[in-house]
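Okay, so here's the structure we're looking at.
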Amino acid sequence: MPSYKAPVDDFLFLFHELLEIDKRSDVPGFGDLTPDMTGAILEGGAKFCEEVLQPLNQVGDEHGCVLENGVVRTPPGFKEAFQKYCEDGWNRLGAPEAAGGAGLPSVVTFAFAEMGMSANQAFAMYPGLTNAAYSALWATGEPWMREHVAKKMIAGEWTGTMCLTEPHCGTDLKLMKTKAVEQEDGTYRITGTKIFISGGDHDMTDNIIHMVIAKIPGEDGKLANDLSTVNFFMVPKMLVNKETGEITGRNGVSCGSIEKKMGIKGNATAVLNFDDAVAYRLGGAPKEKKTETGEVKKSKSAGMAGMFGMMNGARMGVGIQGIAIGEVAYQNGVTYANERLAGRSLTGAKNPDGPADPIMVFPDVRRLLISSRAFVEGARALAMYVSMLFTLQVFGKDEKEREEAADMAQLMTPVIKAFFTDRGFQAANDAMQVFGGHGYVRDHGMEQFVRDARINQVYEGANGIQALDLVGRKMTAKGGRATMTFFAKLEEFIKENENDPEMKPYVEPLRAGYKRLGEAAGWLMENAPKNYDNAGAASYDLLNIFGTVALGWMWAQMAKVSLAKLKAGEGNKAFYERKLTLARYWMEREIPMTAAWVERAKQGADGLMELDAAAF
């Protein structure tokens with residue numbers, strides 16, 4: 001059976017030595033995050049994840065969710081674990097204090113989210129999606145929704161979902177057919193089918209609040225073939241009295257089936273049928289807009305800012321799932337590599353009194369493991385940095401800091417979602433490889449990690465689409481302002497540290513990676529306008545360059561902190577020395593990969609597009 005130990009020490013290092021969040025007393029909530037406070041929160045969360053959630057991970061995979069007589073039943077132990085999760089307050093960490101939450105910054109809540117996902121991703125997705133749903137409702141809903149719906153979600157009495165995908169409509173929302181018809185009382189009636197809805201139905205709470213997008217038909221009753229009439233709605237599974245918050249009966253929402261999927265089986269991924277279901281439009285009345293000619297037109301769409309906020313939060317969460325699976329798979333791979341005896345070291349026996357050496361003596365086994373460890377710790381650093389930006393974009397010290405934080409967070413979101421889940425899957429796959437034949441049998445749990453991790457690459461927009469979003473939208477938005485901000489930060493760090501001989505092993509490779517990132521971006525600027533397929537063909541390679549360089553920037557910063565701590569004789573010497581080793585690994589073996597990706601990107605689209613579809 002696999003095991004898991006939460007990386008509390010690494011989170012504390014990131015919080016208080018790299019990001020120094022407790023020194024930002026000007027930011028609401030940060031000044032209270034002393035090492036003692038964050039240590040207590042993380043230790044408590046680690047204990048819950050290790051002792052309550054992790055033992056249920058294989059249980060959830062073995063049993064899955066079952067639909068019986070219209071009722072979805074979660075795996076044994078899930079309902080009781082969810083009740084304890086809420087009783088202990090883990091569901092309220094980031095919720096507003098006015099709603100009964102702890103109001104902690106997202107840097108803390110995302111750290112806890114990673115631990116939960118490592119311990120039991122299928123379980124952790126229920127409260128994770130609920131957090132995203134109530135946050136959107138708190139931001140865009142009417143007062144009665146915040147009082148009688150969102151607060152119950154925050155308390156753990158009800159859960160929430162995000163309903164976007166349809167059988168014929170994934171990323172291309174223009175193809176959506178779910179319709180919402182306005183009623184005389186101001187409510188809407190929604191009809192349609194949504195698929196792949198995580199936590200879509202279950203037996204853990206009395207009500208589930210679905211956050212749904214749907215089109216409002218025109219006067220002719222037809223749906224527009226664009227996004228002009230897409231709106232954001234709250235659709236409760238059970239109807240709610242607006243005055244008292246009491247459940248008054250069943251709404252027109254039913255579970256058609258539970259998807260039979262390759263992994264994350266403990267989470268009920270449902271097909272939901274909406275049959276004339278009562279719905280409430282979010283975001284207020286559509287706003288009026290003036291055209292270039294001065295004509296006033298009333299928009300037919302509202303609440304989409306709330307939907308996009310929820311989607312971006314979900315993409316961040318899925319990226320963290322990539323880190324989480326990489327972490328737990330790596331931990332179990334290390335345990336096995338140190339225990340499994342097979343063969344002798346190439347440089348002489350290291351366990352002469354035993355029949356063979358532990359397979360950890362072999363360079364290729366170490367390659368599989370150290371690449372995972374370097375990715376996980378570098379990615380965790382970037383994720384915590386971006387989590388901090390989520391707070392700074394609202395509470396930064398001035399407009400410049402708030403603008404910069406918002407730009408950087410938007411820029412990094414597709415990188416975190418796509419690059420992290422790709423590398424998280426690779427880490428799980430590599431850890432399974434360490435087990436050899438034992439890796440693909442269920443007892444050790446490694447094949448479950450691989451199956452679970454593979455789904456994350458598809459969730460919340462397939463990774464190829466995230467790459468296209470990066471190059472087609474995020475890097476070019478507002479005249480490329482976010483990209484220029486990121487480049488300026490890289491240049492500033494390199495300039496500040498280029499004359500420090502101890503930093504040379506980290507600065508020079510970072511400089512080379514940054515140069516290649518700029519070269520790839522420059523090629524795109526020149527060649528994408530000539531043929532837009534060039535952008536599509538190069539996007540995935542550029543995503544990999546971007547992710548590798550961004551993690552290189554994190555590793556260079558962590559190396560600088562570690563060198564300073566070692567020089568001062570502070571802290572855990574072994575901890576900082578390991579950081580330096582991992583930083584060198586990233587610089588020596590991962591950054592050089594950017595050279596190949598640049599050359600691939602510069603080949604353009606011809607080689608991919610010239611074959612006729614029938615020739616495939």
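Per the listing A136, A132, A150, the residue uniquely buried (at least 18 other Cβ atoms within 10 Å of the Cβ), at pLDDT 95 or above and not in a loop (DSSP other than H, G, I, E, B) is A150.
Apart from one condition, S118 fits all of (1) of a type outside the set (D, E, K, R); (2) buried (at least 22 other Cβ atoms within 10 Å of the Cβ); (3) over 24 Å from G445 (Cα atoms); the exception is (3). Checked against the criterion of being crowded, with 24+ Cβ neighbours inside 10 Å, part of a helix (DSSP H, G or I) and either outside the structural domain of K478 (by TED's automatic domain parsing) or over 12 Å from the mean Cα position of the chain (by Cα) (or both), the range 349-359 contains not a single residue that satisfies it.
Which numbered condition in (1) part of a helix (DSSP H, G or I); (2) surrounded by fewer than 18 Cβ atoms within 10 Å (Cβ to Cβ); (3) over 27 Å from the mean Cα position of the chain (by Cα) is the only one that R589 fails? Condition not satisfied by R589: (3).
Which ones in the range 504-554 are of a type in the set (S, T, N, Q) and under 25 Å from the mean Cα position of the chain (by Cα)? Residues satisfying the conditions are S539, N544, T548. Just one of the listed residues (R92, R73) is surrounded by 13 or more Cβ atoms within 10 Å (Cβ to Cβ), of a type outside the set (A, V, I, L, M, F, W, C) and under 23 Å from G317 (Cα atoms), and it is R92. Restricting K400, K417, K489, K478 to those that are part of a helix (DSSP H, G or I) and either surrounded by 24 or more Cβ atoms within 10 Å (Cβ to Cβ) or among the small types (G, A, S) (or both) reduces the list to K417. In the condition set (1) under 29 Å from I247 (Cβ atoms); (2) at pLDDT below 95, L173 is compliant with all but (1).
Hey, could you check the range 45-95 for residues that are more than 23 Å from I325 (Cα to Cα) and of a type in the set (D, E) and say which is farthest from the chain's Cα centre (by Cα)? Of everything passing the filter in the range 45-95, E68 is farthest from the chain's Cα centre (by Cα). Would you pick out the residues in the range 307-322 that are closer than 20 Å to V230 by Cα and hydrophobic (A, V, I, L, M, F, W, C)? Residues satisfying the conditions are M307, F308, M310, M311, A314. The number of residues in the range 592-606 being touching a residue at least 12 places away in the same chain (Cβ under 8 Å) and in a helix (DSSP H, G or I) comes to 7.
Please specify each residue of the range 66-125 satisfying the condition of being polar (S, T, N, Q) and not in a helix (DSSP H, G or I).
Correct list: N69, T74.
Meeting the requirement of 1 or more residues that are of a type in the set (S, T, Y), the strands (runs of 3 or more DSSP E) wholly within the range 160-265 are 188-197, 247-250, 253-258. Scanning the range 266-277 for residues that are crowded, with 21+ Cβ neighbours inside 10 Å and part of a strand (DSSP E or B) yields a count of 4. Just one of (1) in contact (Cβ under 8 Å) with a residue 60 or more places away in the chain; (2) over 20 Å from A601 (Cα atoms); (3) not charged (D, E, K, R) fails for W523. It is (2). Condition first: exposed (fewer than 14 other Cβ atoms within 10 Å of the Cβ) and not in a helix (DSSP H, G or I). Can you find one or more residues in the range 562-570 that meet it? Within the range 562-570 (the criterion being exposed (fewer than 14 other Cβ atoms within 10 Å of the Cβ) and not in a helix (DSSP H, G or I)), the answer is yes, since at least one residue qualifies. Listed by first and then second residue, the pairs with beta-carbon distance under 6 Å, at least 6 apart or on different chains, first residue in the range 195-210 and on the phi < 0 side of the Ramachandran plot, second surrounded by fewer than 20 Cβ atoms within 10 Å (Cβ to Cβ) and assigned to a loop (DSSP other than H, G, I, E, B), are I195/T165; I195/P167. Could you go through the range 320-338 and let me know if any residue there is surrounded by fewer than 21 Cβ atoms within 10 Å (Cβ to Cβ), small (G, A, S) and either closer than 30 Å to N57 by Cβ or modelled with pLDDT under 95 (or both). The answer is yes, given that some residue of the range 320-338 is surrounded by fewer than 21 Cβ atoms within 10 Å (Cβ to Cβ), small (G, A, S) and either closer than 30 Å to N57 by Cβ or modelled with pLDDT under 95 (or both). Can K215 be described as surrounded by 17 or more Cβ atoms within 10 Å (Cβ to Cβ) and charged (D, E, K, R)? Spelling it out, K215 is indeed surrounded by 17 or more Cβ atoms within 10 Å (Cβ to Cβ) and charged (D, E, K, R). None of G170, G160, G186 is buried (at least 20 other Cβ atoms within 10 Å of the Cβ) and not assigned by TED's automatic domain parsing to the domain that holds V318 except G160. Residue-level analysis places G547 among those that are closer than 30 Å to E17 by Cβ, crowded, with 23+ Cβ neighbours inside 10 Å and of a type in the set (G, A, S). Residues that are touching a Gly at 6+ places or on another chain (Cβ under 6 Å) and farther than 30 Å from E610 by Cβ were ranked within the range 492-536; the one that is surrounded by the most Cβ atoms within 10 Å (Cβ to Cβ) is G513.
Among all residues of the range 433-449, there is none that is surrounded by fewer than 24 Cβ atoms within 10 Å (Cβ to Cβ), hydrophobic (A, V, I, L, M, F, W, C) and assigned to a helix (DSSP H, G or I).
Inspection of the range 42-57 identifies no residue that is over 26 Å from M310 (Cβ atoms), at pLDDT 95 or above and not in a helix (DSSP H, G or I).
The values are calculated or read from the model by the stated rules, or taken from the named source; none is laboratory data. No experiment lies behind these values; they were computed from the predicted model shown. Quick reminder, even Gly has a Cβ in these numbers, built from the backbone with ideal geometry, and neighbours come from all protein chains shown.
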